[in-house]
Amino acid sequence: MDDEFLRLWPQAASDHAHAIDWLIWSFTGMMAIFVVPVFVLTILFAIRYRKGTRVSRDHRPRGSMKVEMTWIVLPFIGSMIIYLVSARLYYEVKTPPADAMVIQVVAKQWMWKFQHPGGQREINTLHVPVGRPVRLNMISQDVIHSLYFPALRIKQDLLPGRYTALWFSATETGRYEAFCAEYCGTDHSKMLATLIVQSPQEYQRWLSQSGASESLAEQGEVLFRQFGCSGCHGPAAVAKAPTLEGLYGRRVALHDGTSVIADQAYIRDSILLPHKQLVAGYEPIMPSFSNVIDEEGVLRLTAYIQSLGEGEQGEPHADSPRNPPPEETAP
Amino acid sequence: MKTRKLLLIYAGLLMLLAIGATVAIQFPQWAMLALVCAAGQAILLLFGLAELGTHTPLVRFFAFGAGFWLVLMFTLSIADLLTRG
Amino acid sequence: MDVREQYLAEPYQTAAQQREATFLGMWVFLATEIMMFGGLFLVIYYYRLQHPVGVGEAVHHLHSILAAFNSALLLTGSLCMSLMVQASRLGDYRRVQRLLLLTAFFGLAFLAVKGFEYGWEYREGLLPGMGPESPLKEPAARLFMNIYLFATGLHAVHVTLGVTIILGMVVRIHFAHMKLPERAITLEMVGLYWHLIDVIWIVLYPSLYLVGRAV
Amino acid sequence: MSQKNPAADRAPSYLADEHGLRTWLLTTDHKRIAILYLISVTAFFFLGSLAASLVRIELVTPEGDLLSPDGYNRAFTLHGVVMVWFFLIPSIPAVFGNFLIPIMIGARDMAFPKLNLFSWYLLVGGGSFTLYALLAGGVATGWTFYTPLSTMFSNGHVVAVILGVFIVGFSSILTGLNIIVTIHRLRAPGMTWFRMPLFCWSLYATSVILVLATPVLAITLLLVAAEHLFGIGVFDPRLGGDPLLFQHLFWFYSHPAVYIMILPAMGVMSELVTAAAHKRIFGYSFVAYSSLAIAVIGFMVWGHHMFVAGQSMYASMVFSLLSFLVAIPSAIKVYNWTATLYKSNLTIDAHFLYALTFIGLFVIGGITGLFLALLAADVHVHDTYFVVAHFHYIMVGAAVAGFFGGLHFWWPKMTGRMYSQLWGKIAAVMIFCGFNLTFFPQFLLGYLGMPRRYHSYPEDFQFLHVLSSTGAAVLAVGYVMPFFYLLWSLRYGPQAEDDPWDAAGLEWRTSSPPPTHNFLETPIVDFDAYEYPPEATHGRS
């Protein structure tokens, strides 16, 4: 954030940022072709046809279909070309790559909390390695916020009750501002953050000495026992509950016949709203933890469940009713 | 609009109501039929009791115009919900 | 000078012009009512799609047979209103007053049954906020009960408004402020408003009570 | 002497034929109601401007030191609520629509005169109710009332402000209803739809939007009030409620609402350009149908406010495409106005300078609107000062310029007095320069990444903010000037003749100010809209 006296164009710290700048300039150029004639002709006609000037004014046109059609179709075709380009860019911004490094973001009224996979936690600052795609898995604890990186030309609202994602791959190291773009109450303008893009070595050094005793998954395991989840879902469980080993990323068959991929949203819903997506073949006996665990706890539990082994995509879960060995479903 | 015709329309309305309700309560998976019955009741009431048919086409245009914009609101909002993924 | 010309409002030249303008104005107003309840229907069907399980459980707890009886009450009210409009065109003062009172009676009966239903739900703890512990496990079910209370409450406000206007008409006829059949158009407007309230309930009843019951 | 209506043996004008406060407060004459609206709308405009100047002074320094953070939030909310619902939406339809539509179509009054007066009382009633709530502590949710902030995390007078806006909503519904029925049923014999002035076309389209969109706002605000007051949580995320559903309902009203604000100004523009050019408009049917096209397509584009709000990607792409479609009718109008000036017989008066301001600023506003419709660009500039600059270019640059242009154009007809052309032109130029100095730097601020509704900001934005605040000062002076020379003209201005601008239109064929029933006998319309003599020199005997 080299604060010069006057900066008229924001820094660009990612390829996407340059793509957006190119999009803006090309659209400005195209629109200038359609707009400058309006200004020029208005002033020209105003001067040339002022009252009292000696100029021919006979057979004034009442309107012509041809002229109208040209200035409807031409701008529309131009806009459609730019629309397709921007739609493709939008598609890229909205679909994170699979290998992206996932960082959890929780927004609370007027502060940002970031959690790295290794367990490091930061308030209002975010360290990321340069050149590596980073996916932010974001949720808000109270009102709608919006994480906005002007240097990366991206922003995404954080909703209470639903995960939203934002991904980027920074290409230049440095410190960049981050704002909250969605009005969220009194200190909306104080809710700032700093994005610190470092070279991979610096990032590793920062990770090691930022004093994270245990990883996100280990913190999740502590909560797993503390809230008694292991009583039903653990190996020596007495009650009948779905096993969690290899659950993450697997397709789970639900009570009403549909099936859904067990991603972070599914796990969060199962913890906070257990009866919303009931697993087939199980009774709705799980209590809701919605006012017991906060969002960060849910994220740690999810990380722990994820650490219990990734299920291959699409292969139905072991104990779904389709192929359950009879004795296993009996309590 | 003679009284006998009004009573006939009224009977039709009650019959549609009865069909819709019983079907929806006995066979919940056919509950959508209740909506069809409701639409039938609405049209029957508008053209029968409210005599919408006798008014000028302009009035009829405005009566159903609101429906066009509601359909617009429904389709685009619910399209967002369903394709949210 | 056609007898109806004397009641010509200020900007109009002919009675037909005023009559069509009144109908057009009334139907544009009814279109705004339809748009307002349209927003409410979007909320109902949006949440049905988003939380099918929770909404199913809430609908399961609603008393749809009692509400079906309630709908029949309103339909009868609409019938009486149409008969009244027909009578007002013939200038039969006695019959118009009797039918107006009958419609008001059915309106009040609808409100009474609605009040009884609210009481019943209050005792079961279904209504938000006050009342005993809600038997609904799903939070989305409580959300749907909120929408149910708001939607039926707003409709009940419209029914109350309709009943007061009807009683106002009875009073005006009683003190001979309204000469029929010349001023029959005013009664027709009241009839249209009442029919609209009925149409809204016709669509509201299945949307709240019937569709998507928990199997 | 080309006296157009020889029979006007000085029937008393609507101002002169009765006096006293009662005749004003209980009037059913559409012209008097228009004057009542003009006074109340101007009062709300100055209140909104006060809040705007507070915001602009605050932003001169990076750290927020003039107002507390909460005070600043209440100031911009007051600015938003008052300017949107109490000035921009009622201004042209209620003032010029009420005054001119009956005269332009040859009617004696609006379709429902008593209803017309009732809508004015609704505006004043709702207005004072909201005024009390806003001044007694106000509300800190922004004029958008986003949930769950407005329902669960806000302690201001949310319910009071919502009830005030709800009441004023009915005022605009009834005005829209009145205009629709008047245009359909009260046109003079011979006045077909295609002989009507384009001002009536655009106000008809505006009324269709007013009547169909405002009820959805009514139900949305009622739901927020019910949730805030009684805890009937409909958008409560804890119960599974969806804040995006609120945004769908709110923007379904609020985008058509921005067309309610700009369409009437486009109608005024068609009148100003043709009157100054003394020539028929270029492509009458295209301009007329483009108003209706805006009214219809305007209802399909609201999703472009929610590209980054968690809306599904595919829905955003559909909304973006539709947003490009809605830009076409506006482009048609601008191109046709420019083409009207070709081979025209132009007189450049104060009102035509406002027309030039409109064309200049509306075009920039429209183009930046297309930037926001571009999906990928919107991800960067959404909720930043780029958006603030865009909608101020449209609302302040175009809609208020249209309002001032109409005020200067029809002032002689409404009051019978002429104002000084010199001062009028100075004010117009000052407004144009002050406006650009205020809002063009905000485009750069927005692209630099300065978010909206920020009470304090990083230092390197300060230079542009100082530029913008000085521009706001120039703009404020420009806005106050008409207040003086127009009121001055009421007492000392020369008597205006029936048609001071040599314009063609039914309103210029009656005396100014017009008699109570507009015409001594209902005119028979046998001429086309904007029928100016084809030969170059002007003079109609």
Stretch residue A:51-residue A:6 to full length: gain in nm at 0.36 nm per residue minus the Cα-Cα span? 11.6 nm
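Taking only the C-alpha atoms, wrap a convex hull around chain A and report its volume per residue in Å³ as a whole number. Intermediate values should be presented prior to the final figure.
Working: hull volume 72.2 nm³, N = 331.
Taking only Cα atoms, chain A has a hull volume of 218 Å³ per residue.
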Report, ordered by chain and residue number, the lysines lying within cross-link reach of residue D:413, taken as a straight Cα distance under 18 Å and ignoring same-chain residues fewer than 8 apart. D:4, D:31
Taking R0 as 60 Å, what FRET efficiency do you get between residue A:232 and residue C:157 from their Cβ-Cβ distance, rounded to the nearest 0.05? 0.80
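Count neighbours as other Cβ atoms within 10 Å of each site's Cβ, and list the chymotrypsin sites (Phe, Trp or Tyr not before Pro) in the range A:158-238 that are DSSP loop with at most 16 such neighbours. It would help to have the intermediate numbers written out before the result.
Numbers: sites: A:163, A:167, A:168, A:176, A:179, A:183, A:203, A:206, A:224, A:227; in loops: A:163, A:183, A:227.
Here the chymotrypsin sites (Phe, Trp or Tyr not before Pro) that fit, given the DSSP loop and packing criteria, are A:227.
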Quick one: Debye curve from the C-alpha atoms of the range A:101-208, no solvent, what's log10 I(q)/I(0) at q = 0.12, 0.18, 0.21 Å⁻¹? -0.36, -0.82, -1.11
Candidates per chymotrypsin sites (Phe, Trp or Tyr not before Pro) in the range C:156-207, loop by DSSP, up to 11 other Cβ within 10 Å: C:175
Residue by residue, what Karplus-based ³J(HN,Hα) values in Hz, rounded to whole numbers, does the range A:182-190 have, using 6.51, -1.76 and 1.60 with θ = phi - 60° and x for Gly and Pro? 9, 4, 9, x, 4, 9, 4, 7, 9
Cα-based Rg then Dmax for the protein assembly as shown, in Å, read 32.2, 109
Between residue D:433 and residue C:174, with labels modelled 7 Å along Cα→Cβ, what's the label distance in nm to one decimal, could you check? 7.2 nm
So the label point goes 7 Å from the Cα of residue A:124 along Cα→C-beta, right? Which residues of the range D:58-93 then have their backbone N under 15 Å from it? D:63-64
Would you kindly give the portion of the calculated P(r) for the range D:221-357 that falls above 21 Å, as a percent of all Cα pairs? 56 percent
For labels at residue A:291 and residue D:15 in the simple 7 Å Cα→Cβ model, what's the distance in nm? 6.5 nm
Residue-ordered couplings for the range A:24-35, obtained by feeding phi - 60° into the Karplus form 6.51 cos²θ - 1.76 cosθ + 1.60 and rounding to whole Hz (Gly and Pro as x), are 5, 5, 5, 5, 4, x, 4, 5, 4, 4, 8, 10
Theoretical FRET efficiency, 1/(1+(r/R0)^6), r = Cβ-Cβ of residue C:165 and residue D:50, R0 35 Å, to 0.05: 0.25
Can you put A:65, D:414 in order, fewest other beta carbons within 10 Å first? A:65, D:414
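Give me the Kirkwood hydrodynamic radius of the range D:1-129, using the inverse of the mean 1/r over all pairs of distinct Cα atoms, in Å to one decimal.
Computed over the range D:1-129, the radius equals 17.3 Å.
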Quick one: 3J(HN,Hα) in Hz for the range D:36-45, Karplus 6.51/-1.76/1.60 with θ = phi - 60°, rounded, Gly and Pro as x. 4, 4, 4, 5, 5, 5, 5, 4, 5, 4
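Counting only other residues whose beta carbon sits under 13 Å from that of residue D:74, what net charge do I get with K and R as +1, D and E as -1? Working shown, then result.
On the way: positive: D:453; negative: D:58, D:70.
The answer is -1.
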Quick check on the exposure proxy: order D:384, A:164 from fewest to most C-beta atoms within 10 angstrom. A:164, D:384
Need one number: nm distance between label points at residue D:531 and residue D:470, each 7 Å from Cα along Cα→Cβ, rounded to one decimal. 5.4 nm
Of A:228, A:52, A:161, the one that fluctuates the most in a GNM where chain A has Cα springs shorter than 10 Å: A:52
Sum up the lysine pairs in chain A that clear both bars: alpha-carbon distance under 25 Å and a spacing of 8 or more or different chains. 9
Quick one: what does P(r) look like for the range A:27-115 with 10 Å bins over all Cα pairs, in whole %? 11, 22, 21, 16, 13, 10, 7, 2
Averaged over all viewing directions, the convex hull of the alpha carbons in chain D casts a projected area in nm² of 24.1 nm²
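To two decimal places, what compactness ratio does chain C give when its Cα radius of gyration is scaled by 2.2 N^0.38 Å?
The value comes to 1.22.
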Rg ratio (alpha-carbon, reference 2.2 N^0.38 Å) - the range A:75-156: 1.36
Run the paramagnetic zone check for residue A:88: 7 angstrom along Cα to Cβ, then residues of the range D:283-324 with backbone nitrogen under 13 Å. none
Counting other C-beta atoms within 10 Å, which of A:296, A:202, D:63 has the fewest, and how do the rest follow? D:63, A:202, A:296
Nearest-0.05 FRET efficiency for residue A:205 and residue D:159 at R0 = 45 Å, using Cβ-Cβ distance, is 0.25
Percent of all alpha-carbon pairs of the range C:84-159 at distances over 13 Å, whole number, is 73 percent
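Readers should treat all values here as calculations from the given coordinates under stated rules, not as data from a laboratory. All of these numbers come straight from a predicted model, not from anything done at the bench. Here the Cβ is made from the backbone with ideal geometry for all residues, glycine too, and neighbour counts use every protein chain on show.
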